[in-house]
1. Residue by residue through region 244-294, note down the ones that are part of a loop (DSSP other than H, G, I, E, B) and over 26 Å from residue 361 (Cβ atoms).
2. Is there a residue being of a type outside the set (A, V, I, L, M, F, W, C), buried (at least 18 other Cβ atoms within 10 Å of the Cβ) and at pLDDT 95 or above anywhere in region 52-63?
3. Collect the residues in region 197-210 that are buried (at least 17 other Cβ atoms within 10 Å of the Cβ) and in contact with a strand residue (DSSP E or B) (Cβ under 6 Å, 6 or more places away or on another chain), keeping them in residue-number order.
4. Quick one: how many residues across region 24-54 are in a loop (DSSP other than H, G, I, E, B) and either acidic (Asp, Glu) or more than 19 Å from residue 185 (Cα to Cα) (or both)?
5. Do any strands (runs of 3 or more DSSP E) lying entirely in region 125-231 carry at least 2 residues that are over 22 Å from residue 77 (Cα atoms) and hydroxyl-bearing (Ser, Thr, Tyr), and which ones are they?
6. Mind counting the residues in region 80-118 that are outside any strand (DSSP E or B) and over 15 Å from residue 176 (Cβ atoms)?
Amino acid sequence: MSCRLLREQVACQHHEQGGERVRAEILSIGTELLLGQIVDTNAQYLASRLADLGIDCLYISTVGDNPARCRETLERALGRSDLVISTGGLGPTEDDLTRETIAAVLEEEPVVDVTLERELREWFAGRGIQMPERNRKQAWLIPSARALPNPNGTAPGWDVRKGDKRIVAMPGVPREMTYMWEHHVEPTLAAGAVLRSRTLKLLGIGESLAEEALGELVRSTAPTVVTKAKNDGVHVRITDKDADAATMDGRIAGMEALVRERLGRYVWGADDETLGAVIGHGLSQRGWQLATAESLSGGDVARALAESPESASWYARGFVRPMAKADELTRLLDDLRPAPEVRLVVPYGEQSAELRIWTPDRPRSATIRFGSPVEGRRRALLAALDLLRRAIQD
């Protein structure tokens with residue numbers, strides 16, 4: 001598919017979608033979430049996966065371990081959404097209320113499933129522990145539910161289908177939830193289609209500006225285009241699903257070409273590539289050695305570079321000095337023998353800092369501004385790596 005044809009398709013896609021789109025809601029259950037004791041990474045993960053599937057997540061709700069409020073929240077979710085995905089509340093204690101809540105709302109009676117109970121007892125026996133009787137609650141099922149296996153814990157999930165509504169209840173422990181989702185839930189939502197993603201990684205541009213540059217592309221539904229701010233810059237993830245892998249790959253490739261048309265000069269890598277590996281590859285190709293001296297970034301630049309398995313072959317030396325100005329850091333690098341071909345300086349600054357780099361062809365610099373030490377450290381890391389990447393590529 002040509003870029004021109006795909007561009008035209010994207011521009012009118014949201015007007016031509018046939019049928020009703022699935023409306024989804026994520027329900028996070030647990031008083032600890034409301035108290036700020038833990039961060040709800042489950043909701044973030046699930047919302048992202050739903051977006052990849054082209055499913056509209058219209059609401060994310062959080063409710064504590066209270067029977068009346070849990071029931072009220074689930075009833076409201078079922079009243080406005082086709083698919084409700086809950087996490088948490090599947091433990092064996094009295095304040096784990098997800099099963100009771102679903103059963104009450106659907107007016108079904110939970111009973112102990114003999115197969116689930118046997119598997120639970122075997123799980124405990126395999127660890128030399130006698131199963132507490134209160135854990136029998138985790139073997140409950142209702143007529144409209146099927147159990148979702150959980151090899152990483154004792155809490156099976158529920159996949160409930162009632163009329164045109166679907167409820168998926170999963171554990172709150174992220175490791176257990178993600179396994180259950182990826183192996184037993186997401187494949188059923190993809191409806192037999194293959195799901196693939198391509199991630200482009202950017203530096204030198206913020207997420208909001210990247211999304212603005214992408215324009216109508218972020219409204220595409222086949223494939224979807226999502227931007228995310230990450231530790232190594234901004235990621236643009238292109239995801240599609242189709243029973244025909246060749247057709248899907250063609251759409252992803254066409255969309256990648258459109259993204260690169262608009263943001264190509266910021267793209268430093270894709271998928272599993274790391275900044276350290278990309279920079280190291282560029283240095284190795286040229287036979288150059290690198291030395292760094294940093295202050296504002298607190299050693300983060302050296303850490304990012306050293307993560308590359310081959311860094312010992314091109315990373316000559318790294319200095320970290322607190323509150324050090326550019327001249328002091330530059331002298332450290334100038335005194336090195338033999339002199340490395342590439343030298344990078346990240347000086348200290350209270351609200352701004354000028355980063356400097358020297359390569360065999362010419363020196364370069366970049367100035368960053370920031371409002372707090374934490375922001376300054378992050379900006380210094382990303383700016384330093386971007387400056388280094390560009391200097392090697394030029």
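The values are calculated or read from the model by the stated rules, or taken from the named source; none is laboratory data. Quick caveat: nothing in here was measured; it's all calculated off a predicted structure. Note: ideal-geometry Cβ built from the backbone for every residue, glycine included; neighbour counts use all protein chains shown.
1. 244, 271, 272
2. Among the residues of region 52-63, not one is of a type outside the set (A, V, I, L, M, F, W, C), buried (at least 18 other Cβ atoms within 10 Å of the Cβ) and at pLDDT 95 or above, which makes the answer no.
3. 198, 199, 200, 201, 202, 203, 210 - these are the residues of region 197-210 that are buried (at least 17 other Cβ atoms within 10 Å of the Cβ) and in contact with a strand residue (DSSP E or B) (Cβ under 6 Å, 6 or more places away or on another chain).
4. We begin by selecting, within region 24-54, every residue in a loop (DSSP other than H, G, I, E, B); these are 30, 35-40, 53-54.
Within this subset, residues satisfying the condition of being either acidic (Asp, Glu) or more than 19 Å from residue 185 (Cα to Cα) (or both) are 30, 35-40.
Number of matching residues: 7.
5. Output list reads 194-202, 224-230.
6. 25
Residue by residue, here is whether (1) under 17 Å from residue 89 (Cβ atoms); (2) touching a Pro at 6+ places or on another chain (Cβ under 8 Å) holds:
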| site | (1), (2) |
| --- | --- |
| 140 | yes, yes |
| 171 | yes, no |
| 210 | no, no |
| 230 | no, no |
| 253 | no, no |
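Residues checked against (1) in contact (Cβ under 8 Å) with a residue 12 or more places away in the chain; (2) at positive phi; (3) in contact with a strand residue (DSSP E or B) (Cβ under 6 Å, 6 or more places away or on another chain); (4) not basic (Lys, Arg):
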site	(1), (2), (3), (4)
231	no, no, no, yes
236	yes, no, yes, yes
247	no, no, no, yes
252	yes, no, yes, yes
260	yes, no, no, no
270	yes, no, yes, yes
